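Since the structure comes first, as structure tokens, the remarks are kept for the end.
The values are calculated or read from the model by the stated rules, or taken from the named source; none is laboratory data. These figures come from a predicted structure and were not determined experimentally. With ideal geometry, Cβ positions are generated from the backbone for all residues, glycine too; neighbour counts draw on all protein chains shown. We work out accessible area using only protein heavy atoms, side chains counted, and drop any ligands, DNA or RNA first. Shrake-Rupley method; radii C 1.70, N 1.55, O 1.52, S 1.80 Å.
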Amino acid sequence: MTRFTLVLPALFLLFLLASALPAQQNSGATPPKTSIYSAISVEATRQPNPVKSTPESLARAKKWWTLDCEMCHGKDGNGKGETAKDMKLTIVDFSDPATLKDRTDGEIFYIIKNGHEDMPPEGQRVKTEENWDLVNFVRSLAKNKPEAAQGN
Ligand code: HEC
């Protein structure tokens with residue numbers, strides 16, 4: 001009898017946990033368009049971008065984009081670069097403002113620096129400031145930027 005009364009609340013708790021988990025991962029009805037980068041720490045996600053998105057910053061980034069990114073992400077960021085085709089990669093479209101709207105600059109910085117799955121890390125190839133330039137550049141590829149994506 002005492003054992004039974006303990007088991008019931010425990011089961012109830014388990015049930016609560018199980019039902020809360022999937023809701024946390026994806027609250028909307030549609031699955032997320034971009035992949036989940038669970039390895040990115042809250043700290044990295046919240047890191048503010050110290051580099052303003054000026055024409056100078058974008059010009060610096062353009063150099064690296066052409067060298068290290070364009071072959072996969074495409075010149076205009078549509079995700080249809082030559083290497084992407086060769087490797088049969090499915091890559092998100094940066095010209096669509098919805099693609100990066102839920103990403104913080106800190107997250108994008110982390111992804112560029114550390115890579116993810118089929119995307120190679122930029123690592124020490126670029127200086128920290130240039131890594132932020134690339135964040136600005138990737139954001140600048142969005143056409144008709146939504147209001148919400150400005151300045152975060
Ligand atoms: C070998 C091809 C390749 C190269 C080179 C490459 N990427 Fe990627 N990139 C990918 C793939 C594939 C993904 C999706 C990764 C995944 O599966 O989550 C990706 C994802 C990203 C994302 C995250 C998109 C999202 O889901 O929000 C960003 C930002 C990004 N790349 C920027 C860059 C930048 C900047 C460069 C150059 C410094 C670069 N990439 C170079 C293939 C590449």
Self-check item: In region 118-139, the residues that are near the ligand (Cβ under 8 Å from one of its atoms) and closer than 19 Å to residue 93 by Cα
Solution: 118, 119, 120, 134, 135, 137, 138
Quiz item: Going through region 60-74 one residue at a time, which ones are open to solvent by less than 30 Å² (accessible area, probe 1.4 Å) and either among the β-branched types (Val, Ile, Thr) or in contact with a Phe, Trp or Tyr (Cβ under 6 Å, 6 or more places away or on another chain) (or both)?
Solution: 61, 65
Quiz item: Restricting the search to region 59-109, which residues are within 21 Å of residue 121 (Cβ to Cβ) and among the small types (Gly, Ala, Ser)?
Solution: 61, 74, 77, 79, 81, 84, 106
Exercise. Confirm whether residue 40 is within 9 Å of the ligand (Cβ to nearest atom), open to solvent by less than 90 Å² (accessible area, probe 1.4 Å) and within 17 Å of the chain's Cα centre (by Cα).
Key: no
Practice problem: Six or more apart or on different chains, Cβ under 6 Å: which pairs go from a residue in region 113-140 that's under 17 Å from residue 66 (Cβ atoms) to one that's small (Gly, Ala, Ser)? Could you list them? | Solution: 133/57; 133/61; 134/61; 136/53; 136/57; 137/61
Exercise. Could you figure out which of (1) open to solvent by 80 Å² or more (accessible area, probe 1.4 Å); (2) more than 21 Å from residue 143 (Cβ to Cβ); (3) in contact (Cβ under 8 Å) with a residue 24 or more places away in the chain isn't true of residue 85?
Key: (3)
Quiz item: Hey, does region 92-108 have a residue that's within 10 Å of the ligand (Cβ to nearest atom), open to solvent by 20 Å² or more (accessible area, probe 1.4 Å), under 11 Å from the mean Cα position of the chain (by Cα) and over 22 Å from residue 47 (Cα atoms)?
Solution: yes
